[in-house]
Amino acid sequence: MSKTKNNKPILCAGHLVYDIRDYVEQMPQIDKTTFMYMPPQIGPGGSAANVALNCVKLKHNAALIANVGDDPHGKFLLKELKKSGLDTSQIKIIKDGRTGLSVILIDRTGQVMVIEDKGCIEDRREFDEKKIANSCWLHLTGTSLYWLEKISKIAHKNSIPISFDPGRAASRLGAEKLAKILERAEYLIVNKKELEALSGSASEESAKNLSKEFNLFTIVKNGHNPVFVCTTINKTFYVEPYTAPYVIDTLGAGDAFASGLICGKIEGMSLVEAIKFGHAAAAAKVMHPGAQGMPKRESVLKHFKL
């Protein structure tokens, strides 16, 4: 499959956290002990960071807007991201800040449980308008309303395409509070729980109403089941996923999907083709541990033919 290299970066905005991943025999219960079946792992995490790093693996330029503290965890994250080739110039170091932290439990079926300390990741800050205007795409993830409104306003003013994956936290704000961001976005990426939190219902009719009200494509993920898509003209269809031969860790699969979708659209794919690319990226991801375990482009395409 041919691709078009983007010289301008894909800009991802939201959380960057220090991940501690524990692989457990079963999820813990009160007053009971659970044991790990493999050593714990550490590394960068957070939805925005995951998507940005995945885009680099898919051979696109990417940059990240995020906050870290000036503590050891923040220094570690910056060092790791710089090694990956990601543009870290818009990661702000917050003086005396506490870097975000996630403790993640993954059981043998690949299901996850997350305990998160936000620290300084949503602290208010200035955003570089020139950097945003010089991007080819903006991907917004679940963060504070202040961040979402400020960054999307700059991108929209500069005609930058916007995709929005609100995640659990931002979805709970509801469509009314998120209206300005939804009006500026071209693609809304949610799962059924997030759709229900946004609109009050997880139904397909609810997705259609969002597309009609905000003039955007609503893409509803459903685990290993087909993705439901509603277009700006209220046309609907499903796109079948790929089946991974085995599952180690589902953490970050949605972010892998988003990165494949974004890169596919930048490369000139149709929406269906781009979603299939997202499916391939997600299926490749679950075969590897860690939120950023998605392999490089060559491996994704080797396992899953588009």
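The values are calculated or read from the model by the stated rules, or taken from the named source; none is laboratory data. It should be emphasised that the depicted structure is a prediction, and the values quoted were computed from it without experimental measurement. Backbone-built Cβ (ideal geometry, glycine too); neighbour counts: all protein chains shown.
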Quiz prompt | Residue that is modelled with the lowest pLDDT [pool: residues in region 103-130 that are closer than 30 Å to residue 246 by Cβ and assigned to a loop (DSSP other than H, G, I, E, B)] | solution = 110
Quiz item: Can you spot a residue in region 139-160 that is modelled with pLDDT under 95 and at positive phi?
Solution: no
Self-check item: Single unsatisfied condition, residue 60 versus (1) over 21 Å from residue 141 (Cβ atoms); (2) within 18 Å of the chain's Cα centre (by Cα)
Solution: (1)
Practice problem: Please work out if residue 146 is surrounded by fewer than 18 Cβ atoms within 10 Å (Cβ to Cβ), among the aromatic types (Phe, Trp, Tyr) and farther than 23 Å from residue 257 by Cα. | Solution: yes
Exercise. Mind listing whichever residues of region 31-80 are farther than 10 Å from residue 12 by Cα, among the β-branched types (Val, Ile, Thr) and surrounded by 18 or more Cβ atoms within 10 Å (Cβ to Cβ)?
Key: 56, 68
Exercise. Could you figure out which of (1) surrounded by 13 or more Cβ atoms within 10 Å (Cβ to Cβ); (2) among the charged types (D, E, K, R); (3) over 29 Å from residue 289 (Cα atoms); (4) in contact with a strand residue (DSSP E or B) (Cβ under 9 Å, 6 or more places away or on another chain) isn't true of residue 213?
Key: (4)
Practice problem: Return a yes/no flag: does region 221-228 have any residue that is part of a strand (DSSP E or B), touching a residue at least 40 places away in the same chain (Cβ under 8 Å) and either of a type outside the set (Gly, Ala, Ser) or in contact with a helix residue (DSSP H, G or I) (Cβ under 9 Å, 6 or more places away or on another chain) (or both). | Solution: yes
Practice problem: Answer yes if at least one residue in region 87-102 is of a type in the set (Asp, Glu) and either touching a Lys or Arg at 6+ places or on another chain (Cβ under 7 Å) or assigned to a helix (DSSP H, G or I) (or both), and no otherwise. | Solution: no
Practice problem: Test each condition in (1) surrounded by fewer than 20 Cβ atoms within 10 Å (Cβ to Cβ); (2) at pLDDT 95 or above for residue 246 and report the one that comes out false. | Solution: (2)
Quiz prompt | Every residue from region 161-185 that is buried (at least 16 other Cβ atoms within 10 Å of the Cβ), in contact with a Phe, Trp or Tyr (Cβ under 7 Å, 6 or more places away or on another chain) and more than 25 Å from residue 114 (Cα to Cα) | solution = 161, 181, 182, 185
